[in-house]
Amino acid sequence: MEGLKKFNIWTSILDSKKVIKYLFIAPSAIILIALSIYPFLFLVYNSLRDFVLTKPKQAAFIGIQNYIAVFKDPIFTHSLLVTALFVLGAVTLEFLIGFGLAIILNKPFRGSSLIRAILLIPMMLTPVVVGLQWKFLLNSSFGLVNYFIRLLGGKGLEWIGSYNQALFSAILVDAWQWTPFILLLMAAGLRSLPTEPYEASAIDGASALQNFFYLTLPILKPVILLALFFRAIDAFKVFDIIYSMTGGGPSDATMTVTLYDFRIDFEFFKIGYGAAIAITEVIIISLFLTGISRITRSRI
Amino acid sequence: MKMRWGRKSKNASINVLKIVILSIAIFITLMPIVWIILTTFKPEPMTFVYPPVWKFKPILDNYISAFKTRPLLKYFTNSVIVTLSTTAISIVVGSMAAYSMSRFGTGGKRLGFTLLSLRFMPAIAVVIPLFLVFSKVNLGSLHLINSRLGLILAYLTFNIPVSILLLKGFFDEIPQELEEAALVDGSSHMGAIFRILLPLSLPGIVATAVFCIIFSWNEFLFALILTRAETATLPVAIMGFVTDRGLLWGEMTAASVVIVLPVLIFSIFVQRYLISGLTLGALKE
């Protein structure tokens, strides 16, 4: 009897809306404050210190000097340019091919769902593994890619062995892995298109091309922006593929911002300086984020 | 008559073009994968022969030596434990928070945006301070650096925000009236959650778990920085095949198949859930 009463008190506490509201949010809040918010503030704090991992006791507070050094650092500027080119190249390629394939696969035919399933495989694979395998496939002397190019009568490229072709190679590999993402999104977008506008335009005698530019594109705009936005941010943060395929080289040809930051932190142990680079990266991404969300909000 | 014929041939040529494009796309997608799988069954010297060898007697040497020279099974176990634990915690904790946000509007739009920005945080900005903080934690036998527990916790920084955002979207779609009706019928709040909300949103919960599993299984940078030797996961272990003497291609490709195969098999069954995970539910299929 006593036990039952106790139980009832507990259930009635758990039945109060206010209790559930805060009790349920609490575990996530505690974990994220401890593991995300606090470490982030610690990162900001470190970015203002001359903190080197090998001599932690000497870390003096130096204000924004790390940030000034970041902007004067020619390798950082170079890595920013490399990253920008990588994002631009990879996202453009992925979007054009992915959208094109989504259009081709839009009308179902025999085997189309199997083809779609096959085309989506690359994005499930472990990125580090993808990078390593392509290092093998793009080998200039025994690689499979050059073999096929030579079969077709070409000479083959240097790929990741050459300073001028390495970034291009990395873009192609990223496109191999992530074009399926655009395909998946645009396929969903195309399937959700309303039919009425197309019926109306058929009466007006519009061509397929006119339909595409005056109906499909404007209706799909939110989906297109979403796809570009997700890919652009993830491409900006790229690390795994490049780390395993080129390690940032040859020389600094494929040194992206994240890779450079990793080097500063774990090869030179300059944690304070590395923190300033990381914060700069966060600022660039959040500027991009607010910019995009402003565009999408005003259009939807 | 003539015009109709013209249109027909135009349609036919468009279809041919489509077939050609799709064939090229399938070739580019599958050729690398097929080639890597073939390589795993080749004797080591044949790996570097030019032109490439297509016909050979398949052997298992690469798999055997990959498992013999390295504790791959241990890394495999580490990956499984870390992946499943972080996913389980994220789903439980995340669905509670999602319920609070969905039904009581906790945190409003601002909380949603905060969670979204946690998803877009560059991994390096999360893992450097975690590394420093974890290095200081030392509670007797409990370590967070070079431990599976530390990695499980670190993955929560990504998996929890994603889980909350996704699950909130799924909960939002289930009409609140259903739970209210149960409450009127004398059910408790918890009863309404367990008997009505959770069963109805099961597909959404599965989708969220799928996303956490694939992300955690494939994750590299956190694991590279927070684990070492004993506690490494498979993606970190595979970089071990890049040695001072060069890359051990044969063993490396064999190990790659070991990493990729589980997710590949798994993802065939769950492909339809992927889209909501990748876009945080902004677009649903």
Could you please tell me which pairs satisfy a Cβ distance under 7 Å, a separation of 6+ or placement on different chains, a first residue in segment B:10-21 that is touching a residue at least 24 places away in the same chain (Cβ under 8 Å) and facing chain A (nearest Cβ under 10 Å), and a second residue that is hydrophobic (A, V, I, L, M, F, W, C) and part of a helix (DSSP H, G or I)? none
Only one of these is touching a strand residue (DSSP E or B) at 6+ places or on another chain (Cβ under 9 Å) and part of a helix (DSSP H, G or I): A:Phe95, A:Phe99, A:Phe136. Name it. A:Phe136
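Determine, yes or no, whether A:Lys55 is at the interface with chain B (Cβ under 9 Å from one of its Cβ atoms), of a type in the set (D, E, K, R) and either in contact with a helix residue (DSSP H, G or I) (Cβ under 7 Å, 6 or more places away or on another chain) or farther than 30 Å from B:Val92 by Cα (or both).
On the way: at the interface with chain B (Cβ under 9 Å from one of its Cβ atoms): no; of a type in the set (D, E, K, R): yes; either in contact with a helix residue (DSSP H, G or I) (Cβ under 7 Å, 6 or more places away or on another chain) or farther than 30 Å from B:Val92 by Cα (or both): yes.
The answer is no for A:Lys55.
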Quick check, is A:Ala253 part of a helix (DSSP H, G or I), among the small types (Gly, Ala, Ser), touching a helix residue (DSSP H, G or I) at 6+ places or on another chain (Cβ under 6 Å) and open to solvent by less than 50 Å² (accessible area, probe 1.4 Å)? no
Mind listing whichever residues of segment B:227-272 are within 30 Å of A:Ser113 (Cα to Cα) and either among the hydroxyl-bearing types (Ser, Thr, Tyr) or not in a helix (DSSP H, G or I) (or both)? B:Thr253, B:Ser256, B:Ser267
Quick one: in segment B:41-86, which of the residues that are hydroxyl-bearing (Ser, Thr, Tyr) and free of Cβ contacts under 8 Å to residues at least 40 places away in the same chain is farthest from B:Ser216 (Cα to Cα)? B:Tyr50
Look through segment B:228-239, keep the residues that are under 14 Å from B:Lys74 (Cα atoms) and surrounded by fewer than 21 Cβ atoms within 10 Å (Cβ to Cβ), and return whichever of them is modelled with the lowest pLDDT. B:Ala229
Can you confirm whether segment A:227-242 contains a residue that is open to solvent by 50 Å² or more (accessible area, probe 1.4 Å) and more than 10 Å from chain B (Cβ to nearest Cβ)? yes
Has segment B:98-109 got at least one residue that is modelled with pLDDT of 85 or more, out of contact with any Phe, Trp or Tyr (no Cβ under 7 Å at 6 or more places or on another chain), buried (at least 16 other Cβ atoms within 10 Å of the Cβ) and more than 8 Å from chain A (Cβ to nearest Cβ)? no
Report yes if some residue within segment A:139-151 is more than 10 Å from chain B (Cβ to nearest Cβ) and either over 17 Å from B:Val263 (Cα atoms) or open to solvent by 40 Å² or more (accessible area, probe 1.4 Å) (or both); otherwise report no. yes
B:Pro51 meets each of (1) within 23 Å of the chain's Cα centre (by Cα); (2) within 19 Å of A:Tyr147 (Cβ to Cβ) with one exception, condition (1)
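Tell me, yes or no, whether segment A:281-291 has at least one residue that is of a type in the set (Gly, Ala, Ser) and either farther than 26 Å from A:Asp174 by Cα or open to solvent by less than 20 Å² (accessible area, probe 1.4 Å) (or both). Before the answer, list the steps.
Narrowing segment A:281-291 to residues of a type in the set (Gly, Ala, Ser): A:286, A:291.
Narrowing further to those that are either farther than 26 Å from A:Asp174 by Cα or open to solvent by less than 20 Å² (accessible area, probe 1.4 Å) (or both): none.
No: zero hits.
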Does B:Asn62 count as open to solvent by less than 40 Å² (accessible area, probe 1.4 Å) and either within 18 Å of B:Glu251 (Cα to Cα) or assigned to a loop (DSSP other than H, G, I, E, B) (or both)? yes
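Per-residue answers, yes or no, for (1) in contact (Cβ under 8 Å) with a residue 60 or more places away in the chain; (2) open to solvent by less than 20 Å² (accessible area, probe 1.4 Å):
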{"residue": "B:Phe113", "(1), (2)": "no, no"}
{"residue": "B:Leu118", "(1), (2)": "no, no"}
{"residue": "B:Ala125", "(1), (2)": "no, yes"}
{"residue": "B:Lys136", "(1), (2)": "no, no"}
{"residue": "B:Gly140", "(1), (2)": "no, no"}
{"residue": "B:Ile145", "(1), (2)": "yes, no"}
{"residue": "B:Gly150", "(1), (2)": "yes, yes"}
{"residue": "B:Ala154", "(1), (2)": "yes, yes"}
{"residue": "B:Ser163", "(1), (2)": "yes, yes"}
Please verify whether segment B:69-81 includes one or more residues that are within 17 Å of A:Leu35 (Cβ to Cβ) and more than 7 Å from chain A (Cβ to nearest Cβ). no
Just to be sure I understand the filter: pairs with C-beta atoms under 6 Å, separated by 6 or more residues or on different chains, first member in segment A:51-79 and more than 14 Å from A:Ala275 (Cα to Cα), second member assigned to a helix (DSSP H, G or I). Which pairs pass? A:Ser79/A:Val257; A:Ser79/A:Tyr260
Might you let me know whether segment A:29-46 holds any residue that is facing another protein chain (nearest Cβ under 9 Å), of a type in the set (S, T, N, Q), over 27 Å from A:Glu267 (Cα atoms) and surrounded by 21 or more Cβ atoms within 10 Å (Cβ to Cβ)? no
State all residues of segment A:105-122 that are assigned to a helix (DSSP H, G or I) and crowded, with 21+ Cβ neighbours inside 10 Å; if no residue qualifies, say none. A:Leu119, A:Pro122
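The values are calculated or read from the model by the stated rules, or taken from the named source; none is laboratory data. Remember, predicted model here, so these are calculated numbers, not experimental data. A quick note on method: Cβ atoms are made from the backbone with ideal geometry, for glycine too, and the neighbour counts reach across all protein chains shown. For accessibility, only protein heavy atoms count, side chains too; no ligands or nucleic acids. Shrake-Rupley method; radii C 1.70, N 1.55, O 1.52, S 1.80 Å.
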